[in-house]
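Each remark here refers to the structure printed beneath this line.
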Amino acid sequence: MAFFSVVLLALFTGFRWETGTDWFTYKELFDTLELNWTFLLDVYAFDLGYVILNAFVKLFTDNYTLFLLIDSFIALGIVFWFLKKYSPNPNISLFVFYNAFFVAQFMGSNRRIISLGAGLFVFYFVHEKRYKKYAIWQTVAFLFHRTSIMLMFTWFVPRKRFSIKQILIILLVCLLIGIPQIPFKLVGVLGEALSAFSSNPFVEKMLFYSENNENVISENTNPVILMTLSVIKRGIFISFYLYVIKKNKGVLDALSDYFLNIYIVGFGLYLLFNGSPIFQMISTYFTFIEIALIGRFWNYTNIRTKFIFLGVLLLYGFFQLLSSLSAYPELYIPYKLYAN
């Protein structure tokens, strides 16, 4: 069932036409890419791994839909591979993935979706202290999106599960710092300071997003409402995780404990960058572990708890999907199928 679902999702995003975010930007890159010795220098604004993937596909075909299919199957294949290995309940994991991440992240960000999947393996190999495999997956993530450099901070996340008190303190402190938008303002100051010495793409991005934050956010999106709904949603999930921990007398496997810590760190980052949905997106690298986390914690619950929380998941899925579509409804509705 999980395999069948992943294939359908890959086809759904692979056969889309003028649907999803950044459609024209990515298509223009594919159409205008010239296969010569300087093509990597000519498209420095895009990440190296993504450009090479474009070039490889273009060696055989100029059909953009075929490229989208390859890109989609790679990205979703990585996610499925991870869930098959580390989520005992991959269908629940995919349900959360579909509602929380598929529309908002995977239907458009052709580069970042591969980085997100690679990040899942980064977490696992950091936990296992397998340095060579960590380096491979960290490199893959970075080659497809520079912002995945944030994954290096995973090494500082403790393996021992945060206590309830620690979780509350971490989230409360992040919220209090985030409300006056201190981290967001610091990024702008740092970007201006660094711009005097360097025109590095990292610095350019910092300046662009700090100076044009309001212009790159959809007019259909209210940041306050969006953040409130996100806090409520994640609060419900964290309450479920803590309930499962309590019912199991605090005894879980080490990997589940570590994944929970990663999720808490991601939620904390989201709260820190209040006021800047663009920078809040960085936290997705960490909160993406939610799709495996829910599958692992699901394994520790009894039938009664499963049925109760399943009802919550169905309601959550419906409203989460509406929230994802409401940001840029004109980019998703109607869904256009490849017709060339």
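The values are calculated or read from the model by the stated rules, or taken from the named source; none is laboratory data. Quantities reported herein were computed from a predicted structural model and do not represent experimental measurements. Backbone-built Cβ (ideal geometry, glycine too); neighbour counts: all protein chains shown.
Quick notes on this one:
- Restricting region 111-132 to residues that are surrounded by fewer than 24 Cβ atoms within 10 Å (Cβ to Cβ) and hydroxyl-bearing (Ser, Thr, Tyr) leaves a set whose member that is nearest to the chain's Cα centre (by Cα) is Tyr124.
- Selection status of Gly108, part of a helix (DSSP H, G or I) and either at positive phi or modelled with pLDDT of 95 or more (or both): no
- Residues of region 52-69 that are β-branched (Val, Ile, Thr) and either touching a helix residue (DSSP H, G or I) at 6+ places or on another chain (Cβ under 6 Å) or farther than 21 Å from Tyr26 by Cα (or both): Val57 alone.
- Arg304 being crowded, with 19+ Cβ neighbours inside 10 Å and of a type in the set (D, E, K, R): no
- Residues in region 277-301 that are surrounded by 20 or more Cβ atoms within 10 Å (Cβ to Cβ), of a type in the set (A, V, I, L, M) and farther than 12 Å from Val244 by Cβ: Ile289, Ile291, Ala292.
- Any hit, region 15-33, residues being surrounded by 22 or more Cβ atoms within 10 Å (Cβ to Cβ), part of a helix (DSSP H, G or I) and touching a residue at least 40 places away in the same chain (Cβ under 8 Å): yes
- Scanning region 159-177 for residues that are in contact with a helix residue (DSSP H, G or I) (Cβ under 6 Å, 6 or more places away or on another chain), of a type outside the set (D, E, K, R) and not in a helix (DSSP H, G or I) yields a single hit, Phe162.
- The residue pairs whose first member lies in region 154-177 and is in contact (Cβ under 8 Å) with a residue 12 or more places away in the chain, whose second member is surrounded by fewer than 17 Cβ atoms within 10 Å (Cβ to Cβ), and whose beta carbons are closer than 7 Å, counting only pairs six or more residues apart or on different chains, are Arg159/Ala254; Ile164/Leu242.
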